[in-house]
Amino acid sequence: MTDGARTATHSEDVSQDVVTHCPYCALQCGMTLRRTGERVEVLPRQFPTNRGGLCQKGWTAAELLDHPDRLTTPLLRDRPGGQLRPASWPEALDRVVDGIRRIQSRHGRDAVAVFGGGGLTNEKAYALGKFARVALGTRNIDYNGRFCMSSAAAAGMRAFGVDRGLPFPLADLGTADTLLLVGANVAETMPPLVRYLIEQRQRGGTLIVVDPRATATARQATLHLQPTPGTDLAVANAMLHIALAEGLVDKDYVAARTTGFDQVRRVTAGYWPARAERLSGVPVADLEAAARALGTAERAIILTARGAEQHTKGVDTVTAFINLALALGLPGRPGSGYGCLTGQGNGQGGREHGQKADQLPGYRRIDDPAARAHVAGVWGVRPDVLPGPGVSAYELLNALGTDGGPKGLLVFGSNPVVSAPRAARVTGRLRDLDLLVVADFVRSETAEIADVVLPTAQWAEEDGTMTNLEGRVLRRRALRPPPPGVRTDLALLSDLADRLDHVDGATGRGRQRFPAAPEQVFAELRRASAGGTADYAGITWERIDAEDGVFWPCPDEDGPGTSRMFVDRFPTPDGRARFLPVEHRPPAEELCPDYPVYLTTGRVLTQYQSGAQTRRVEALRRAAPNAFLELHPDLAARLGVDDGDEVRVTSRRGEMRAPARLTPTIRPDTVFAPFHWAGAARINSVTSDALDPISRMPEFKVCAVRVEKVPGELPPPGPPGVSAPTSPHGHDGPRGEVGEGPVSERPEVTP
């Protein structure tokens, strides 16, 4: 076996290699899957983004293919509070369709909702949006990407006229003279990307990291700015103030390629460095050093990520950094620019083709008459049949089961019981539904409370496309068919549409409108996206194979993709980028005597998202077996907490418990917890559900909490890799939770 390969077993004695991509983050590292008899190996592959590198999650990805927890038959719950039981596909689909019809006949079309995921392929994201609006006729669809990219997307749209995470190739990072990372810990979230940081430093470049924690990424930085959580906007405005004062602004670029700078200049005049230091805690000298490093660099790049974006002012914070980038003349210059680091595997493509409440394929607005007419023509329906905009993800989840809210929900590729803010309330809303349907390949915490669970294919069992953080459309290839009893999401949607008889009652009509073949769906997606902001019309599977992926926009099969945007103009009506004035404001919750500490959340190296997958991989579970609370030794001393003690974190919404991890790398007024765990260690029981007024992004990254030591011994660890399930669907309240295991050593971070 090739060194570093990981294996899974399968019963068929067939040998083959398939080139594909990792199922996890938006880096979408290239890999090869080798199937030899009963083994599936993960092998490295040279691809432009990862250049043969993989993180531990990628190396172990095949271990889920034949995991004992794999679902291979539908599950039904016969009564509220009852147990899930195996069922046949006809019985399960009949239950779903009967439930949809019953709910919609009593409460209207919008009473059934759909919740999608940023890990779905482009084909599945497209089909899910179409299914919601055509087969169900509901306006109520959104997805978990609202919790990930929505603030950066909104800021990019209003400044540039387009939302593409990186409007330049990833390799530009390694050539930057100055690279500013804001709220990004790529050493743990995207380890193969670290090679670009190493290249940048080896060339003599300056790396600046803005983060309240001295993360593995920040420890590699030339300069680390460590602000109070929720004050990044003040830092950005102060840096622009310094750039203006020291003559670092590119006046020719501003005059020729932008509008609105004078108003921004007036606002940033109020952010002199000493005031910004009082607001953020970042010393004046560090603010000045960062601004000068950016302003004097020949090539400079500013990147934001969730640390800057998951706030009630996330859109404005990203806008402040875009203002800084525009003032320095960076966007559109080779080797320079502004970008955001997309998180989920298809976080970019997943938001382009119809999962968002206000969008149609091609990044078209659903309230635009021309967009509605174009997409309706592709779908073969009248434009007036399409519903209008729905509400955002948290607003949708919070309305479930309420008067006037949806009474049924279909969930694809998401686990909101763990991932949503104010998660205890969301779990209660899910229990209040008349019908909860979850499509997944394991019994996630959300599946545990569902009425119907439908087993679906994994990443290596279906073809499709993904769009990575650069806007590069990639091919995901099937190594093998799904196990007996398992269907792909596309086949499932096709079957449901057929049973719903949504057009004229003719047998098979649903399958004609909702094909199960991904290549056929992609061909339709291309037509639907043609002429839109995210135009895929010129992208074919054959081109993707030949060109190592194709960058959108690509309107013509004979024309090139767009690897570098904004070179000549911005996709706005006048071709200019927009400066927008933004002001710092405090978080939704400020500290008080009852809740005197800031909480911020994030990820760890060997876990991913809600952990439903990675907590089941033995090597990853060993590396990070349980949640923890990271706090400064000074704070711990005041609280009487020692390393490894169980602590309780309480907010106005709920509490979580986990072992304490003492470290000087965090601010003394701030604690940190990862969000991958469920049960008593679910940090999203605590997080804030306050929303950004534009993006509707919840404020995951800062809230006010109280921390206290829990007397007694730590609870015993739960079953390997899996947190205890929440209570069954119904109104009988939660069962007792299994506690987490003892504190683990921090895993080593390697590029």
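The values are calculated or read from the model by the stated rules, or taken from the named source; none is laboratory data. All figures in this text were calculated on a predicted structure; none of them were measured in a lab. Using ideal geometry, Cβ is built from the backbone for each residue, glycine included, and neighbour counts are taken over all protein chains shown. SASA here: full protein model, heavy atoms, side chains in, ligands and nucleic acids out. Shrake-Rupley method; radii C 1.70, N 1.55, O 1.52, S 1.80 Å.
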Practice problem: Could you give me the residue pairs with C-beta distances under 7 Å whose first residue belongs to segment 60-72 and is on the phi < 0 side of the Ramachandran plot, whose second residue is open to solvent by 10 Å² or more (accessible area, probe 1.4 Å) and in a helix (DSSP H, G or I) wherever it lies, and which are 6+ apart or on separate chains? | Solution: 60/619; 64/616; 67/616; 69/616
Quiz item: Which residue pairs have Cβ atoms closer than 8 Å, lie 6 or more positions apart in sequence or on different chains, and pair a first residue in segment 480-496 that is among the hydroxyl-bearing types (Ser, Thr, Tyr) with a second residue that is assigned to a loop (DSSP other than H, G, I, E, B)?
Solution: 488/457; 488/462; 488/482; 488/516; 494/514; 494/515; 494/516
Practice problem: Within segment 92-115, track down each residue that is hydrophobic (A, V, I, L, M, F, W, C) and either open to solvent by 20 Å² or more (accessible area, probe 1.4 Å) or not in a strand (DSSP E or B) (or both). | Solution: 92, 93, 96, 97, 100, 103, 111
Quiz item: If you go through segment 416-430 one residue at a time, do you hit one that is modelled with pLDDT of 95 or more, open to solvent by 10 Å² or more (accessible area, probe 1.4 Å), within 21 Å of residue 452 (Cβ to Cβ) and outside any helix (DSSP H, G or I)?
Solution: no
Exercise. Could you list, in sequence order, all residues of segment 600-619 that are part of a strand (DSSP E or B) and touching a Ser or Thr at 6+ places or on another chain (Cβ under 7 Å)?
Key: 600, 601
Quiz prompt | Unique match (being touching a residue at least 60 places away in the same chain (Cβ under 8 Å) and either closer than 30 Å to residue 257 by Cβ or not aliphatic (A, V, I, L, M) (or both)) among 586, 555, 593, 633 | solution = 586
Practice problem: For residue 594, work out the one condition from (1) farther than 30 Å from residue 532 by Cβ; (2) open to solvent by less than 10 Å² (accessible area, probe 1.4 Å) it doesn't fulfil. | Solution: (2)
Self-check item: Scope segment 651-703; condition surrounded by fewer than 21 Cβ atoms within 10 Å (Cβ to Cβ) and either modelled with pLDDT under 95 or among the acidic types (Asp, Glu) (or both); matching residues
Solution: 655, 669
Exercise. Specify the residue that is farthest from residue 446 (Cα to Cα); the eligible residues are those in segment 49-66 that are out of contact with any strand residue (DSSP E or B) (no Cβ under 8 Å at 6 or more places or on another chain) and open to solvent by less than 50 Å² (accessible area, probe 1.4 Å).
Key: 55
Quiz item: Conditions: (1) open to solvent by less than 20 Å² (accessible area, probe 1.4 Å); (2) assigned to a helix (DSSP H, G or I); (3) within 30 Å of residue 340 (Cβ to Cβ). Residue 494 meets all but one. Number of the miss?
Solution: (3)
Practice problem: Considering only segment 116-194, give the helices (runs of 4 or more DSSP H) lying wholly within it that have at least 3 residues that are open to solvent by less than 10 Å² (accessible area, probe 1.4 Å). | Solution: 122-130, 150-160
Quiz prompt | Of the criteria (1) more than 19 Å from the chain's Cα centre (by Cα); (2) open to solvent by 10 Å² or more (accessible area, probe 1.4 Å); (3) farther than 30 Å from residue 191 by Cα; (4) in contact (Cβ under 8 Å) with a residue 60 or more places away in the chain, which one residue 334 fails | solution = (3)
Practice problem: Go through the residues of segment 338-351 one by one and say whether even a single one is open to solvent by 10 Å² or more (accessible area, probe 1.4 Å), touching an Asp or Glu at 6+ places or on another chain (Cβ under 9 Å) and either hydroxyl-bearing (Ser, Thr, Tyr) or touching a residue at least 24 places away in the same chain (Cβ under 8 Å) (or both). | Solution: no
Practice problem: Among residues belonging to segment 620-641 that are in a helix (DSSP H, G or I) and under 23 Å from residue 58 (Cβ atoms), point out the one that is most open to solvent (accessible area, probe 1.4 Å). | Solution: 622
Self-check item: Answer residue from segment 151-172, given it is in contact with a strand residue (DSSP E or B) (Cβ under 6 Å, 6 or more places away or on another chain) and hydrophobic (A, V, I, L, M, F, W, C) and is nearest to residue 575 (Cα to Cα) among those
Solution: 160
Exercise. Of the numbered conditions (1) surrounded by fewer than 21 Cβ atoms within 10 Å (Cβ to Cβ); (2) in contact with a strand residue (DSSP E or B) (Cβ under 8 Å, 6 or more places away or on another chain), residue 256 fails exactly one; give the number of that condition.
Key: (2)
Exercise. Pick out the one residue from 230, 205 that is within 22 Å of the chain's Cα centre (by Cα), small (Gly, Ala, Ser) and buried (at least 19 other Cβ atoms within 10 Å of the Cβ).
Key: 230
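One line per residue, one yes/no per condition, for (1) in contact with a strand residue (DSSP E or B) (Cβ under 8 Å, 6 or more places away or on another chain); (2) part of a loop (DSSP other than H, G, I, E, B):
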{"site": "659", "(1), (2)": "yes, no"}
{"site": "668", "(1), (2)": "no, yes"}
{"site": "671", "(1), (2)": "yes, no"}
{"site": "676", "(1), (2)": "no, yes"}
{"site": "680", "(1), (2)": "yes, no"}
{"site": "689", "(1), (2)": "yes, yes"}
{"site": "694", "(1), (2)": "no, yes"}
{"site": "701", "(1), (2)": "yes, yes"}
{"site": "704", "(1), (2)": "yes, no"}
